[in-house]
1. May I ask you to list pairs of residues, at least six apart or on different chains, whose Cβ atoms are under 6 Å apart, with the first in the range 50-71 being under 18 Å from Asp127 (Cβ atoms) and the second being crowded, with 20+ Cβ neighbours inside 10 Å?
2. Can you work out which of the residues in the range 6-41 that are at pLDDT below 95 and among the polar types (S, T, N, Q) is nearest to His153 (Cα to Cα)?
3. So which residues in the range 1-49 are of a type in the set (Phe, Trp, Tyr), closer than 19 Å to Val144 by Cα and either touching a residue at least 40 places away in the same chain (Cβ under 8 Å) or in contact with an Asp or Glu (Cβ under 7 Å, 6 or more places away or on another chain) (or both), if there are any at all?
4. Which of the residues spanning the range 232-273 are over 19 Å from the mean Cα position of the chain (by Cα), hydrophobic (A, V, I, L, M, F, W, C) and not in a helix (DSSP H, G or I)?
5. Here are some residues: Leu211, Leu116, Leu172, Leu195. Which one is surrounded by 12 or more Cβ atoms within 10 Å (Cβ to Cβ), at pLDDT below 70 and more than 30 Å from Asn27 (Cβ to Cβ)?
6. In this structure, is Ser122 surrounded by fewer than 16 Cβ atoms within 10 Å (Cβ to Cβ), closer than 30 Å to Ala51 by Cα and either at pLDDT 85 or above or not aliphatic (A, V, I, L, M) (or both)?
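The values are calculated or read from the model by the stated rules, or taken from the named source; none is laboratory data. Remember, it's a predicted structure, so these values are computed and weren't measured experimentally. Here the Cβ positions follow ideal geometry from the backbone for every residue, glycine too, while neighbour counts run over all protein chains shown.
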Amino acid sequence: MKSMTGFGAAGREDEDYKVHVEVKSVNQRYLDISFSMPRALNVFESDMRQAIKRFSARGKIDVNIAFYDKREKEAAIVVDKNLARAYQTALYELGDFLHLTPPADVCKIAMYPDVLRVHEESRDVLDAREIVFAALESALEHFVQMRRKEGEHTRLDFEPRLDFLAEAVERLAAFEPEIVERYRTHLKNVLDEMLKGQGVDEMRILQETLLYADHISYDEEVVRLKSHIAQFRETIEEEAPIGRKLDFLIQEINRETNTIGAKANFTQAAKIVVEIKSEVEKLREQVQNIE
């Protein structure tokens with residue numbers, strides 16, 4: 001079981017390139033990958049996405065890559081002649097207006113923005129693929145190790161909570177026959193009192209009483225709750241991404257608990273329902289961060 005929160009970093013260096021990769025993530029319903037890297041590496045983005053998908057199925061993942069090309073580059077100084085002439089013209093106009101002598105030194109004009117620019121020869125980095133992906137995969141391995149470690153902590157937190165839920169459901173199951181019998185007895189007494197001496201068929205009264213008693217029985221909900229808790233236990237031992245499945249099971253556990261709460265008009269049962277709902281909410285918060 002893996003958490004969706006994780007971090008991993010790795011670096012690689014050879015005689016031509018130096019690369020450092022950081023991968024971090026937070027919980028997200030789907031897989032969302034963002035890159036921050038030099039434009040020269042954009043040629044590798046599609047393949048990097050595929051590599052990341054082998055390590056992660058869900059989460060908002062940010063990949064930061066620092067890349068340094070150590071190869072010698074040819075450089076040239078580019079002169080923007082039109083811009084230099086425009087600066088000179090403007091300075092002469094300003095000098096005439098202010099009755100001042102404009103700068104005539106070429107060095108001063110060269111210092112104005114964008115008159116001189118350094119141009120470095122653009123070289124492809126296709127041969128950097130091996131070192132870039134080696135750093136990326138190493139960072140992803142550390143990233144996944146952290147996710148698994150966080151996931152194991154969460155799994156260990158799940159165990160006592162699931163034990164509590166199972167025990168609470170057993171307590172609810174023990175109350176169910178008593179609740180049904182109480183309703184059955186109460187309804188029969190009320191009907192007997194209301195219809196005393198009116199010659200109403202007692203068998204019909206008994207049938208209606210049994211029908212309503214069946215309506216307030218939550219035995220089926222208890223059976224489903226036990227099944228959902230058992231499935232939850234089995235699921236957290238699986239290797240595949242399980243977050244969405246756990247989220248579904250949490251919804252089902254909550255739904256069955258709400259139904260029991262609506263049916264069990266009995267103080268002690270209502271207290272247990274509140275305990276279950278509180279524990280389920282804690283599970284729900286943890287499940288939101290499971291891949």
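1. What qualifies is Ile65/Val21; Phe67/Val19.
2. Filtering first and then ranking leaves Asn27.
3. Across the range 1-49, the qualifying residues are Phe7, Phe35.
4. Of everything in the range 232-273, those that are over 19 Å from the mean Cα position of the chain (by Cα), hydrophobic (A, V, I, L, M, F, W, C) and not in a helix (DSSP H, G or I) turn out to be Ala264, Phe266.
5. The unique qualifying residue is Leu195.
6. In short, yes.
Condition check ((1) farther than 30 Å from Val43 by Cβ; (2) of a type in the set (D, E, K, R); (3) in contact with a His (Cβ under 9 Å, 6 or more places away or on another chain)) across all residues:
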| residue | (1), (2), (3) |
| --- | --- |
| Asp69 | no, yes, no |
| Val78 | no, no, yes |
| Asn82 | yes, no, no |
| Pro102 | yes, no, no |
| Ser138 | no, no, no |
| Gln145 | no, no, no |
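So that you can scan it fast, the table gives a plain yes or no per residue for (1) of a type in the set (A, V, I, L, M, F, W, C); (2) outside any strand (DSSP E or B); (3) in contact with a Lys or Arg (Cβ under 6 Å, 6 or more places away or on another chain):
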position	(1), (2), (3)
Glu22	no, no, no
Gln28	no, yes, yes
Ala40	yes, yes, no
Ser46	no, yes, no
